[in-house]
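Novice: What follows is a structure written as structure tokens; I'll ask about it next.
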């Protein structure tokens, strides 16, 4: 399961005030999320059934700290350190990195926005994903997360700017330095996204480019982005020279009912060092409806369709449902399930069903994932 960036339930936090002078205020806030559950998977690794513990069914398990120091005028220094972890065995996520989710320092101003340096999430994950059904459950994500719908990729060496809110419009820009001697563009990533929000309407769009490493100057896969090649859906294209992702999404609130739709188009581009020759393309469309039955209870249903072309010819149809009940402002219990059917060829052979971003290869043309869990914010 990949790590979520944000969720609709508010996060309560505990703040500790540090020493302050007459001209500046400083603070550090500790926060985190624990999310764990039990999953049943029909068709997993060629076996007909599997029961397993499933951390992160709604939110990535994380803990971290964020800080702020007021400087001259309205400018403030900010930082964030965040770690992902697995509550079932205590191990760190992000390949064992202590602060593999986020680690950045920057400056912020109410008129100029924020500039941040370090390991970060990309603008599409921050502005576009929150408009989609990914704000609810990972089962609703694109098969294998081939378009980074669910934030499989975090980014190293990032310089990111986040705008103020201009009448409902916010923007983010990111550039990640590849750092390879003799090849400035090798391993670099860049992205831009924008969102408009008012009381009822949310619209968002963005584009991202990831260079997967110049094979002449470094090994293929030497890049600023985490791997998105986590399942049989796209693992045949791990040698791609670069990845391009464009996304657009929107939702509208009708009282207690929210309707939304999203579309993404992804390209996995080869070169002479790749093991495939035709650009692999993924077109994904999704719709969802969420009903806030009561302030502490909501339900959601969705449909997700993905079609690949270029080097492969796979199709993935996915239906999802979910419910969430708040026991308090910080604790909730949930249940979610997804069914997917796959057909065609995925570049390695017969396409396998892989529900959402859970990256469990089915070894079959269909898969069911059902999860019950509990989440607590602190």
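The values are calculated or read from the model by the stated rules, or taken from the named source; none is laboratory data. Since we're looking at a predicted model, the values are computed, not measured. Because the Cβ atoms are built from the backbone with ideal geometry, glycine has one as well, and the counts that use them run over all protein chains shown.
Novice: Any idea which of (1) modelled with pLDDT under 95; (2) in contact with a helix residue (DSSP H, G or I) (Cβ under 9 Å, 6 or more places away or on another chain) is the one residue 137 doesn't satisfy?
Specialist: (2)
Novice: Now a separate question. Taking residue 230 as the residue in question, decide whether it is outside any strand (DSSP E or B), surrounded by 17 or more Cβ atoms within 10 Å (Cβ to Cβ) and free of Cβ contacts under 8 Å to residues at least 60 places away in the same chain.
Specialist: Numbers: outside any strand (DSSP E or B): yes; surrounded by 17 or more Cβ atoms within 10 Å (Cβ to Cβ): yes; free of Cβ contacts under 8 Å to residues at least 60 places away in the same chain: no.
For residue 230, the condition - outside any strand (DSSP E or B), surrounded by 17 or more Cβ atoms within 10 Å (Cβ to Cβ) and free of Cβ contacts under 8 Å to residues at least 60 places away in the same chain - is not met.
Novice: Considering each residue of the range 118-133, count those that are touching a strand residue (DSSP E or B) at 6+ places or on another chain (Cβ under 6 Å), in contact (Cβ under 8 Å) with a residue 60 or more places away in the chain and not in a helix (DSSP H, G or I), and give that number.
Specialist: Counting residues in the range 118-133 that are touching a strand residue (DSSP E or B) at 6+ places or on another chain (Cβ under 6 Å), in contact (Cβ under 8 Å) with a residue 60 or more places away in the chain and not in a helix (DSSP H, G or I) gives 3.
Novice: Could you please find all residues in the range 290-314 being free of Cβ contacts under 8 Å to residues at least 24 places away in the same chain and surrounded by 15 or more Cβ atoms within 10 Å (Cβ to Cβ)?
Specialist: 301, 303, 305
Novice: Among 352, 318, which is outside any strand (DSSP E or B) and surrounded by 15 or more Cβ atoms within 10 Å (Cβ to Cβ)?
Specialist: Working: 318 fails: outside any strand (DSSP E or B).
Within the list 352, 318, the selection yields 352.
Novice: Consider the range 322-378. How many of its residues are without any contact (Cβ under 8 Å) to a residue 24 or more places away in the chain and either farther than 17 Å from residue 58 by Cβ or within 22 Å of the chain's Cα centre (by Cα) (or both)?
Specialist: 2
Novice: Of everything in the range 189-202 that's over 18 Å from residue 245 (Cβ atoms) and touching a strand residue (DSSP E or B) at 6+ places or on another chain (Cβ under 6 Å), which residue is surrounded by the most Cβ atoms within 10 Å (Cβ to Cβ)?
Specialist: Let us first name the residues in the range 189-202 that are over 18 Å from residue 245 (Cβ atoms), namely 196-202.
Right, trim to touching a strand residue (DSSP E or B) at 6+ places or on another chain (Cβ under 6 Å) and you get 196, 200-202.
Values: 196: 16, 200: 11, 201: 13, 202: 22.
Filtering the range 189-202 for residues that are over 18 Å from residue 245 (Cβ atoms) and touching a strand residue (DSSP E or B) at 6+ places or on another chain (Cβ under 6 Å), the one surrounded by the most Cβ atoms within 10 Å (Cβ to Cβ) comes out as 202.
Novice: Out of 144, 185, 213, which single residue is more than 20 Å from the chain's Cα centre (by Cα), buried (at least 19 other Cβ atoms within 10 Å of the Cβ) and farther than 23 Å from residue 83 by Cβ? Walk me through it before giving the result.
Specialist: Numbers: 144 fails: more than 20 Å from the chain's Cα centre (by Cα); 185 fails: buried (at least 19 other Cβ atoms within 10 Å of the Cβ).
None of the other options fit; the residue is 213.
Novice: Of the conditions (1) touching a strand residue (DSSP E or B) at 6+ places or on another chain (Cβ under 9 Å); (2) surrounded by 17 or more Cβ atoms within 10 Å (Cβ to Cβ); (3) not in a strand (DSSP E or B), residue 271 clears all except one; give me its number.
Specialist: Residue 271 satisfies all of (1) touching a strand residue (DSSP E or B) at 6+ places or on another chain (Cβ under 9 Å); (2) surrounded by 17 or more Cβ atoms within 10 Å (Cβ to Cβ); (3) not in a strand (DSSP E or B) except (2).
Novice: In the range 221-254, what residues are at pLDDT below 95 and more than 28 Å from residue 316 (Cα to Cα)?
Specialist: 222
Novice: Considering each of 95, 61 in turn, give the residue that is closer than 30 Å to residue 356 by Cα and either at pLDDT 90 or above or touching a strand residue (DSSP E or B) at 6+ places or on another chain (Cβ under 6 Å) (or both). So that I can check it myself, show each step before the final result.
Specialist: On the way: 95 fails: either at pLDDT 90 or above or touching a strand residue (DSSP E or B) at 6+ places or on another chain (Cβ under 6 Å) (or both).
Result: 61 is the single residue among 95, 61 that is closer than 30 Å to residue 356 by Cα and either at pLDDT 90 or above or touching a strand residue (DSSP E or B) at 6+ places or on another chain (Cβ under 6 Å) (or both).
Novice: Just name the residue that is nearest to residue 64 (Cα to Cα) out of those in the range 96-113 that are touching a residue at least 12 places away in the same chain (Cβ under 8 Å) and surrounded by fewer than 18 Cβ atoms within 10 Å (Cβ to Cβ).
Specialist: Applying the filter and picking the extreme gives 98.
Novice: Follow-up. Would it be correct to say that residue 157 is surrounded by fewer than 23 Cβ atoms within 10 Å (Cβ to Cβ), touching a residue at least 24 places away in the same chain (Cβ under 8 Å) and over 13 Å from the mean Cα position of the chain (by Cα)?
Specialist: On the way: surrounded by fewer than 23 Cβ atoms within 10 Å (Cβ to Cβ): yes; touching a residue at least 24 places away in the same chain (Cβ under 8 Å): yes; over 13 Å from the mean Cα position of the chain (by Cα): yes.
Yes, satisfied.
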